[in-house]
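Step one of this worksheet: look at the structure below.
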Amino acid sequence: MSSRSIFRTKNIEQSIKDTEEPEHALKKSLSALDLTVFGVGVVIGTGIFVLTGKVAKQNAGPSVAVAFAVAGVVCALAALCYAEFSSTVPVAGSAYTFSYASLGEFPAWIIGWDLILELALGAAVVAVGWSGYIRSLLDSAGFHLPQALSGTHGGTFGFDLLAALLVLVLTGILVAGTKLSSRVTNVIVAVKVTVVLIVIVVGAFLVTGANYDPFVPPSRSTEGGSGLAAPLIQVVAGFTPSNFGIMGIFTAAAVVFFAFIGFDVVATAAEETRDPQRDVPRGILGSLVICTVLYIAVSVVVTGMQKYTELSVDAPLADAFKSVGHPFWAGLISFGAAVGLTSVCMILLLGQTRVFFAMSRDGLLPQAFSRVHPRFGSPYRSTLLLGLVVAAVAGFTSIDELAELVNIGTLFAFVVVALGVIVLRRTRPDLERSFRTPFVPWLPIVSVLASLWLMLNLPSETWLRFVVWMVVGCVVYFTYGRSHSRLDTASGTRP
């Protein structure tokens, strides 16, 4: 086997043909509305209830609304690239599948390995956050869980029972099929968006104009971190990000980017969509536009209700309503956050299982995990396996410090997808593209640079953990995946 073989590509016609094999065929049941709801369901989470006020107080002041717009633009650049790929290659796996068709097998493995970490860790982090909200509500009702079943906190070891149970219940729903998952998500998202709209409308009547002055607070230099806690750009170039002022808006954008994570999960469901060429681009772009507008509106309301310097960090939106004498609305926000996290966790689990399923179907992971359920049409084996792993991680691990790995994993995927669009335009200009990314190659290049800029603002220790995970992935690929790839067997097709 030549060294070049690790960059062998899987032609798109073969990828689509593989989806028609009865034992590996996912059930097509989703519409553009389902995909849009998935996107909104995974993006609207704690970010809108917590991050809006936290970043306003610490990084940007009232101009946090501009920071959300900047982060939304970065995501939009990536979304346009995802839209072209997912409509041209309507196959499960998202960035992994796109990379296999354009950059080659080894880059595809790397991005698939990255997505497994990103989505698993994201689902676990969200489950732990949901558990915290529910424990708070139970405490208010006079019911207290034992410390041993409340997770690991402050050096005290424990098992987070509620987080693990949430993951297991959602895993059962996903095994029962994507259409059932979408119906559950529709209900949850309807409740969540209703709460957000109520907050925006009610909060608009409680805004004080003086709280917006100054809209862009004077710049304030930060001390920056030290050692591995310092942003990589500070370690490499000596550049220290600043808070407030114009540069503070970009610092804030790097932070609030976490709030947008997940819209790319829509692309993982392309294979289960009835008309992917039309509906997947609509789902990706539609959900991103809706979420960006809601984020900007909420940030404008919260900074108008309470002076940004007085906002709380833990629950800024709820506390802003308390500060103006409306505790009922504060309680409604807490309820909306708890409900919202349920859909976020489920859709992250959905995305993860689809990536794992696609890698298994290609032989890079054991093919037993690419069998679909004869009745439900879902990849039940990979769903059960990953559900149990994520439940264990959420139950036993205190993973607040690992949440930034989700950021770097997503941005890395954005970079690969944007590069893939450029490559595929050159190698396969003959492909029918129902959606075309505009201004290629310039728009994808800008997308790459914007994503890299945000990655450079992440701590060095996040980069170190990311590199370690990638090294482990390389070992797995060269010891198993490379020799078991369907492109290297008689049943596959050699390029």
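Structural remarks
- Annotation note: Cβ proximity below 7 Å between a residue of segment 201-222 that is in contact (Cβ under 8 Å) with a residue 12 or more places away in the chain and more than 11 Å from Thr303 (Cα to Cα) and a residue that is of a type in the set (S, T, N, Q) and not in a loop (DSSP other than H, G, I, E, B) (sequence gap 6+ or interchain) occurs for Val216/Ser63; Ser219/Ser242; Arg220/Ser242; Arg220/Asn243; Ser221/Ser242; Thr222/Ser242; Thr222/Asn243.
- Every residue from segment 292-314 that is surrounded by 20 or more Cβ atoms within 10 Å (Cβ to Cβ) and either farther than 25 Å from Leu349 by Cα or at pLDDT below 90 (or both): Ala297, Val298, Ser299, Val300, Val301, Val302, Thr303, Gly304, Met305, Gln306, Tyr308, Leu311
- Output for segment 380-390, where each listed residue is in contact (Cβ under 8 Å) with a residue 60 or more places away in the chain and either within 10 Å of Ala176 (Cα to Cα) or among the polar types (S, T, N, Q) (or both): Tyr380, Thr383
- Residue identified as among the aliphatic types (A, V, I, L, M) and touching a Pro at 6+ places or on another chain (Cβ under 9 Å) among Leu456, Leu464, Leu452: Leu456
- Residue in segment 427-448 that is part of a helix (DSSP H, G or I), closer than 17 Å to Cys75 by Cα and small (Gly, Ala, Ser) present: yes
- Test: residue in segment 264-277 that is touching a Ser or Thr at 6+ places or on another chain (Cβ under 8 Å), within 30 Å of Val199 (Cα to Cα), in contact (Cβ under 8 Å) with a residue 24 or more places away in the chain and not in a helix (DSSP H, G or I): yes
- The selection criterion, being modelled with pLDDT of 90 or more, within 15 Å of Asp18 (Cβ to Cβ) and surrounded by 24 or more Cβ atoms within 10 Å (Cβ to Cβ), holds for Leu364.
Matching residues to (1) closer than 27 Å to Ala78 by Cβ; (2) of a type in the set (Gly, Ala, Ser):
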{"position": "Met359", "(1), (2)": "yes, no"}
{"position": "Gly363", "(1), (2)": "no, yes"}
{"position": "Gln367", "(1), (2)": "no, no"}
{"position": "Ala391", "(1), (2)": "no, yes"}
{"position": "Phe396", "(1), (2)": "no, no"}
{"position": "Gly409", "(1), (2)": "yes, yes"}
{"position": "Leu424", "(1), (2)": "yes, no"}
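- None of Lys27, Lys17, Lys10 is under 28 Å from Pro366 (Cα atoms), charged (D, E, K, R) and either within 21 Å of the chain's Cα centre (by Cα) or part of a helix (DSSP H, G or I) (or both) except Lys17.
- Restricting segment 31-71 to residues that are outside any helix (DSSP H, G or I) and at pLDDT 80 or above leaves a set whose member that is nearest to the chain's Cα centre (by Cα) is Ile44.
A quick yes/no check of all residues on (1) at pLDDT below 90; (2) surrounded by 19 or more Cβ atoms within 10 Å (Cβ to Cβ); (3) at positive phi; (4) touching a Leu at 6+ places or on another chain (Cβ under 8 Å):
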{"residue": "Ser370", "(1), (2), (3), (4)": "yes, yes, no, no"}
{"residue": "Thr397", "(1), (2), (3), (4)": "yes, no, no, no"}
{"residue": "Ala413", "(1), (2), (3), (4)": "yes, yes, no, yes"}
{"residue": "Val421", "(1), (2), (3), (4)": "no, yes, no, no"}
{"residue": "Pro444", "(1), (2), (3), (4)": "no, yes, no, yes"}
{"residue": "Trp453", "(1), (2), (3), (4)": "yes, no, no, no"}
{"residue": "Arg465", "(1), (2), (3), (4)": "yes, no, no, yes"}
{"residue": "Thr479", "(1), (2), (3), (4)": "no, no, no, no"}
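- Checking segment 407-426 against the condition returns no match, with no residue being of a type in the set (D, E, K, R) and closer than 30 Å to Ala124 by Cα.
- Residue match in segment 279-293 (condition: closer than 16 Å to Ser29 by Cβ, among the small types (Gly, Ala, Ser) and part of a helix (DSSP H, G or I)): yes
- Annotation for segment 77-86: at least one member residue is more than 17 Å from the chain's Cα centre (by Cα) and either of a type in the set (D, E, K, R) or assigned to a helix (DSSP H, G or I) (or both).
- Residue, farthest from Ser99 (Cα to Cα), within segment 13-27, restricted to residues that are at pLDDT below 80 and in contact with a helix residue (DSSP H, G or I) (Cβ under 7 Å, 6 or more places away or on another chain): Lys27
- Elements of the type helices (runs of 4 or more DSSP H) sitting completely within segment 142-245 and holding at least 1 residues that are at pLDDT 85 or above, in contact with a Ser or Thr (Cβ under 7 Å, 6 or more places away or on another chain) and at negative phi: these cover 161-175, 178-204.
- Given (1) at pLDDT 85 or above; (2) under 26 Å from Gly158 (Cα atoms); (3) outside any helix (DSSP H, G or I), number of the condition Ala392 does not satisfy: (3)
- If you filter segment 43-98 down to residues that are within 30 Å of Leu332 (Cβ to Cβ) and hydroxyl-bearing (Ser, Thr, Tyr), you find that the one that is surrounded by the most Cβ atoms within 10 Å (Cβ to Cβ) is Thr52.
The values are calculated or read from the model by the stated rules, or taken from the named source; none is laboratory data. Here the structure is a predicted model, which means the values were calculated and not measured. Heads up, the Cβs are rebuilt from the backbone with ideal geometry, glycines too, and the neighbour counts pull from every protein chain shown.
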